[in-house]
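As structure tokens, the structure follows; a few thoughts come after it.
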Amino acid sequence: MTQTDVVLFQKGLIQGHPENPERDLTKAEDQFKGLMEIYPGSTLSIAGEILIHAFKEIESLSDREEILPCAYEEIESLGDKIEEKKYSEYLYREKINRQDLRIKALSKEIEDLKQQMEYFKVIDINMDQKKQKEITEP
């Protein structure tokens with residue numbers, strides 16, 4: 001290990017470090033690639049190659065981490081909408097049940113009125129027959 005490969009490695013490490021506010025993965029990767037070109041057999045070259053992959057993976061995870069809160073909020077919002085739809089469906093079913101009961105009550109009332117009409121028809125026919133009898137019999 002020379003002082004140059006240590007410096008290249010440290011520069012790459014600093015450039016790619018996740019807590020570096022001026023983090024630049026491209027520059028970090030360039031530092032590590034330069035280290036691998038100049039010192040291909042160095043243990044720091046191997047470590048640099050590993051860090052390139054690690055930094056890329058960290059970056060990928062960070063991107064996912066930024067997406068997750070949005071996805072969670074969207075899922076939560078969809079859950080709320082589903083609950084609203086369920087409640088709306090419940091109210092709709094209740095309304096249908098009330099209408100069904102009303103229809104049954106009106107159907108019964110219609111049947112009762114039909115029976116009354118038949119009864120009154122019989123009475124009316126009987127009265128007509130009596131009148132006819134009275135007219136024909138002096």
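The values are calculated or read from the model by the stated rules, or taken from the named source; none is laboratory data. In this text, all values refer to a predicted model and were calculated from it rather than measured experimentally. Methodologically, a virtual Cβ is constructed for each residue, glycine included, from the backbone with ideal geometry; neighbour enumeration extends over all protein chains shown.
Within the range 92-107, does at least one residue satisfy the condition of being more than 47 Å from the chain's Cα centre (by Cα) and of a type in the set (Ser, Thr, Tyr)? No, that holds for no residue.
Answer yes or no: is there a residue in the range 121-136 that is hydrophobic (A, V, I, L, M, F, W, C), modelled with pLDDT under 85, surrounded by fewer than 10 Cβ atoms within 10 Å (Cβ to Cβ) and assigned to a helix (DSSP H, G or I). The answer is yes; a qualifying residue exists.
Name the residue, out of GLU76, GLU83, that is of a type in the set (D, E, K, R), assigned to a helix (DSSP H, G or I) and at pLDDT below 85.
On the way: GLU83 fails: at pLDDT below 85.
That would be GLU76, the only listed residue that is of a type in the set (D, E, K, R), assigned to a helix (DSSP H, G or I) and at pLDDT below 85.
Return yes when GLU65 is touching a helix residue (DSSP H, G or I) at 6+ places or on another chain (Cβ under 8 Å) and modelled with pLDDT under 85 and no when it is not. No.
Looking across the range 13-29, the residues that are surrounded by fewer than 16 Cβ atoms within 10 Å (Cβ to Cβ) and either of a type in the set (D, E, K, R) or in contact (Cβ under 8 Å) with a residue 40 or more places away in the chain (or both) come down to PRO18, GLU19, GLU22, ASP24, LYS27. The set of residues from the range 26-43 being of a type in the set (A, V, I, L, M) and modelled with pLDDT under 85 comprises just one member, LEU35.
Do we find that SER60 is under 30 Å from LEU8 (Cα atoms) and more than 48 Å from the chain's Cα centre (by Cα) in this structure? No.
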